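A short worksheet on the structure shown next.
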Amino acid sequence: MQSAYISLGDLKAHRTALAAPAAPQASGCSTTGSAGKASCGSSDGPGDMPAEIWEKVKNHPCYSEEAHHHYARMHVAVAPACNIQCNYCNRKYDCSNESRPGVVSQKLTPDQAVKKVLTVASEIPQMTVLGIAGPGDALANPQKTFETFRQLQEKAPDIKLCLSTNGLALPDYVDEICRYNIDHVTITINMVDPAVGEKIYPWIYWDHRRITGYEAAKVLHERQMLGLKMLTARGVLTKINSVLIPGINDEHLMEVNREVKKRGAFLHNIMPLISEAEHGTHFGLTGQRGPSAQELKDVQDACAGGANLMRHCRQCRADAVGLLGEDRSDEFTLDKIEEMEIVYDLEKRREYQDKVEAERQAQHAAKEAALAAAGGDDGMKVLVAVATTGGGKVNQHFGHATEFQIYELTGASTAFIGHRRVDLYCQGGYGEDEQLPSIVNAINDCHAVLVAKIGACPRDELKAAGIEPVEEYAHEFIEKAALAWFADYRRRVAAGEIEHIERGDARIRQGAVMAA
Ligand code: CLF
Ligand code: SF4
């Protein structure tokens, strides 16, 4: 099971790292040198991991798949400059490391960013994480980045701080990272072999000079590895993002996974290259394609047993606000927040988050109960698509979905395996039938789609494609609903009412999970 993404092996590695002598450091990193408590068993609850790690991941929507249904994050775009060039980036767009293409609406000063965070925190009390993820590199803009964190540590002490970097400057800033209790860092690592790296990075700017070619990739690689080791030694949870570039690093990413695991990486997030020609990137202009959803899944599956994988990344904008998969940044533009009254009420936030936590635990309990009653693994495995607006429930109309969450079910397990973006079917009161084939195509390897409601036309189209539209479980928890449908499905198969057809051959089409 993947919900907290921590295997016993990884926990042991992490505890070993935590217990290792720390590098010379400033004080302030709360987890430095602490050894984890004993843990055992599966990977999805507070009993399965050291308490201090659970505290860090339990309401971080990127580090816990379960949390991403319930807790929100936001990014502030205070870091416009970058110290390297990636062939998949054009900096008038968001950083591809942590975003999907689309210009950042507004670059912010640290003061503006802090005001925005406090405003969002009072409007969206389940916003628990603030990340700096571009549009350039957080650590190529150290003054702006750390001034923002410094102020927030004082003014919003309950918000977890998170940053994303290409790693080039990372070893120079580990002390600063610990000083401000930034206990989640993402490093984008696309290679551990400079011969691969020189195909991705035309240049870096380091040590007061521009370096190109193999040497550039070698320096970047060495700095990334050093930075990762330093963070691990200081107890900072480090996630690795890798951009999957077919023909360049697809076969290489397994080695990346092994190497980052060795150095204590907590999670590995393999993301598809986005390379539309209109974005003006080198790869976009030279015809380098991104991977299909199937190719992405194949590489992720090939990394099984290595560093734990994140599969729910949404490649957010550098100014995203809200739950993963939703973007409420338009509600918090500078002119709008000027008119909002900031009431940063810690107690109110805690009360709200207590309710969110109760809901999350109810979802977890419902899942456990459904699994206990699921009847055991008989070898049948299916995928289902779910329309949800969050809260871990089947609570969205088919026509309102811009993505479907995909779950893999057996008689003994349920696992979130990804999401598929689709075009909106409902266009202000009527269905856009031209969108239907692409929506059906995006979930054509699923046996059912669970929705809160669905109209006659899409219902018929889905049935014709062999996908059951299911609205009987509206507003129920996802896993409970999915397993209840699956139990009924298996009953109907056993009774000879329907025939079970493997849909594994229904290949996911190119672009099914790519950026909208
Ligand atoms: Fe932002 Fe990144 Fe922190 Fe999350 S995003 S800085 S770790 S708070 Fe999350 Fe967005 Fe994927 Fe990043 S879904 S792109 S992994
Ligand atoms: Fe662009 Fe980020 Fe690469 Fe810098 S590190 S070039 S901002 S993708």
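Structure summary
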quantity: Unmet requirement for Glu66, which otherwise passes all of (1) of a type outside the set (Gly, Ala, Ser); (2) within 14 Å of ligand 1 (Cβ to nearest atom); (3) under 14 Å from the mean Cα position of the chain (by Cα); calculated: (2)
quantity: Tally of residues being surrounded by fewer than 17 Cβ atoms within 10 Å (Cβ to Cβ) and in contact with a strand residue (DSSP E or B) (Cβ under 6 Å, 6 or more places away or on another chain) across region 429-454; calculated: 1
quantity: Selected residue (criterion: surrounded by the most Cβ atoms within 10 Å (Cβ to Cβ)) from residues of region 260-284 that are away from ligand 2 (no atom under 12 Å from the Cβ) and part of a helix (DSSP H, G or I); calculated: Val260
quantity: Unique match (being within 14 Å of ligand 1 (Cβ to nearest atom), among the β-branched types (Val, Ile, Thr) and on the phi < 0 side of the Ramachandran plot) among Val236, Val299; calculated: Val236
quantity: Residue in region 386-398 that is on the phi > 0 side of the Ramachandran plot, crowded, with 21+ Cβ neighbours inside 10 Å and at pLDDT 90 or above present; calculated: yes
quantity: Region 163-179: number of residues that are in contact with a strand residue (DSSP E or B) (Cβ under 7 Å, 6 or more places away or on another chain) and surrounded by fewer than 19 Cβ atoms within 10 Å (Cβ to Cβ); calculated: 0
quantity: Answer from Gln112, Gln106 - the residue that is part of a loop (DSSP other than H, G, I, E, B), over 20 Å from the mean Cα position of the chain (by Cα), at negative phi and not small (Gly, Ala, Ser); calculated: Gln106
quantity: Filter result for the condition that a residue is small (Gly, Ala, Ser), farther than 23 Å from Gly131 by Cβ, without any contact (Cβ under 8 Å) to a residue 40 or more places away in the chain and out of contact with any Lys or Arg (no Cβ under 9 Å at 6 or more places or on another chain), over Ala195, Ala302, Ala217; calculated: Ala195
quantity: Criterion: part of a helix (DSSP H, G or I) and at pLDDT below 90 - qualifying residue of Glu326, Glu338, Glu331; calculated: Glu338
quantity: Ala369 vs. criteria in the same structural domain as Cys446 (by TED's automatic domain parsing), surrounded by fewer than 19 Cβ atoms within 10 Å (Cβ to Cβ) and of a type in the set (Gly, Ala, Ser); calculated: yes
quantity: Filtered residues of region 188-209 (kept if within 16 Å of ligand 1 (Cβ to nearest atom) and touching a helix residue (DSSP H, G or I) at 6+ places or on another chain (Cβ under 6 Å)); calculated: Ile189
quantity: Leading residue by the ranking (farthest from the chain's Cα centre (by Cα)) among those in region 227-255 that are of a type in the set (A, V, I, L, M, F, W, C) and over 25 Å from His60 (Cβ atoms); calculated: Ile248
quantity: Those residues of region 427-454 which are part of a strand (DSSP E or B) and out of contact with any His (no Cβ under 7 Å at 6 or more places or on another chain), in sequence order; calculated: Gly431, Ala448, Val449, Leu450
quantity: Residues of region 304-316 satisfying the condition of being assigned to a loop (DSSP other than H, G, I, E, B) and within 16 Å of ligand 1 (Cβ to nearest atom); calculated: Ala307, Asn308, Arg311, His312, Cys313, Arg314, Gln315, Cys316
quantity: Answer from Leu424, Leu371 - the residue that is assigned to a loop (DSSP other than H, G, I, E, B) and of a type outside the set (Ser, Thr, Tyr); calculated: Leu424
quantity: Residues of region 285-299 classified as free of Cβ contacts under 8 Å to residues at least 60 places away in the same chain, part of a helix (DSSP H, G or I) and surrounded by 22 or more Cβ atoms within 10 Å (Cβ to Cβ), total; calculated: 1
quantity: Yes/no for Met225 being under 19 Å from Ile270 (Cα atoms) and more than 14 Å from ligand 2 (Cβ to nearest atom); calculated: yes
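Residue by residue, here is whether (1) in the same structural domain as Pro202 (by TED's automatic domain parsing); (2) assigned to a loop (DSSP other than H, G, I, E, B); (3) of a type in the set (A, V, I, L, M, F, W, C) holds:
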position	(1), (2), (3)
Gln143	yes, no, no
Gln151	yes, no, no
Pro157	yes, yes, no
Leu161	yes, no, yes
Asn181	yes, yes, no
Thr186	yes, no, no
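Residues are listed down the side, and each one gets a yes or a no for (1) within 16 Å of ligand 2 (Cβ to nearest atom); (2) modelled with pLDDT of 95 or more; (3) farther than 22 Å from Ser329 by Cα:
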| position | (1), (2), (3) |
| --- | --- |
| Thr128 | no, yes, no |
| Gly131 | yes, yes, no |
| Phe149 | no, yes, no |
| Leu152 | no, yes, no |
| Cys162 | yes, yes, no |
| Leu170 | yes, yes, yes |
| Val174 | no, yes, yes |
| Pro194 | no, yes, yes |
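The values are calculated or read from the model by the stated rules, or taken from the named source; none is laboratory data. Every value quoted in this text rests on a predicted model; they were computed, and no experiment measured them. Using ideal geometry, Cβ is built from the backbone for each residue, glycine included, and neighbour counts are taken over all protein chains shown.
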